[in-house]
Each structure stands twice: as structure tokens, then as C-alpha cells.
Amino acid sequence: MDKAELNLPKSIKNEFDSLSKKYKQELYKKAYLDALVEAQAKTEIDSAAIVSYYEKNKPNFKLNENLMKIRYIKLRKDLQDISKIKKSFKNFSQEDQTYLANKSLEFKSLYLNDSTWVREVDIVKEFSVGTEERFESELFKQNGFVETNLKDTFVFIFIKDRLERNDQAPLSYIEPTVKQVLINKMKLKVSKQIQQEIKEDAIQNNEYKLYE
């Protein structure tokens, strides 16, 4: 750097200094504009706006993968009270859920949140871990209770609901996507408003020129 400053022609150094100054100005302006846009956009997008946009644009929201609402338990075959665990898992009342939660440390793994949509591919991957062969997704093609064995492991599965590829995407699953779409639209709108205000202010203060 020292040798460059010493040996480069002054004209080149002046050019670089000017470019650096302009670049710094652009960075500051962009960061400030982004902050203004982000603040205003986030305050104007609530749950009602998300629902409204989703309802008006439903045909555009199709699934590109299978989803399911599922709960499952993996447990050792030598575990005590397997029959009671199975019964509680199938009935799944509030009392049963408490019972299963209290025994969770005895299970190899469990997932009991069957009110949330999850990707089938993630569930298949979870069941394939630690097995010599890929866990087949055909097991998840039916709703209701399924029981199977994986070597020394009992597996209880209950599929509460499922959606196929190209089905209507549920709002609960794509809400973050819808929100981001609205934020991007709002950012564009607010950015244009701010740019217009800047231009009008520049014209009023004789700081604006038109080049033809």
C-alpha cells in the first residue's frame, strides 16, 4: 500500500479516492434506506394482512412436497410397560400425553406435536438414521396408527393427516413465505415513496438537475 501511494500517478490516486468516497456514500445511503423501509414494512404487516393475501392468492400456493401431521415413538423392545405406552400413544388424551412426556427419557426418540405440518422427507430421513437400509416412505402413505420394527426397536406411528404434492398449501405451513412476500412488496412501495420524497426535497432546495 505504501509503495502504491508513493509510485502511482496522482491522477489515478485521485480517481481511486473519488471512487472510494462515492462507494462509502452509496453504502451509507443504502443502509439508511433499508432501515427505514424495514421498520415501516414490518409495522404494517399483521396476521390479518397475511390471511387476506393468502385467501386472495390461494391458487398460487401449491405444495411441491408431501406434508404430514404425525406423532411417533421409538423405544427399546426390552422396555417395561410397552403395552401401556402403546395404549396411551393411540388414545392420546391429555392424561396420556402427560404419561408419555414423563417417560420420554426412556424412549430412543419421540415426536408428539401432531398439530404441526412437517415434511415427509424429513420424517423418512429421521427414521433412516442408524439403519442399514433406507426407511421406506410407503409406511407413511396411510393415515392412522402404524406399528413396525427396526432391529431392536419398536416404532409406534400415528399419522393424523397428510397432504400430497400439488395440494393446497396450508397457511400455517407457508405463513413465513407469505409474510416475506408482503414485506418485499411493502419494501418496494416504501422505497419508491422515500425516493420520491427525496427528489421533491431536492427540487425544492435546488439540489436536483435534469440531464437531457
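The values are calculated or read from the model by the stated rules, or taken from the named source; none is laboratory data. Bear in mind the structure is a predicted one, so any value in this text is a computation, not a measurement. Using ideal geometry, Cβ is built from the backbone for each residue, glycine included, and neighbour counts are taken over all protein chains shown. All accessible areas refer to the heavy atoms of the entire protein, side chains included, with ligands and DNA or RNA removed. Shrake-Rupley method; radii C 1.70, N 1.55, O 1.52, S 1.80 Å.
Of 199, 179, 141, 187, all but one fail to be without any contact (Cβ under 8 Å) to a residue 24 or more places away in the chain and either more than 32 Å from the chain's Cα centre (by Cα) or within 30 Å of residue 45 (Cα to Cα) (or both); the exception is 199. Restricting attention to segment 157-170, report how many residues are crowded, with 16+ Cβ neighbours inside 10 Å and either at pLDDT below 95 or not in a loop (DSSP other than H, G, I, E, B) (or both). Adding up the residues that qualify gives 5. Looking at this structure, is residue 100 touching a helix residue (DSSP H, G or I) at 6+ places or on another chain (Cβ under 7 Å), open to solvent by less than 40 Å² (accessible area, probe 1.4 Å), under 30 Å from residue 197 (Cα atoms) and assigned to a helix (DSSP H, G or I)? No, not satisfied.
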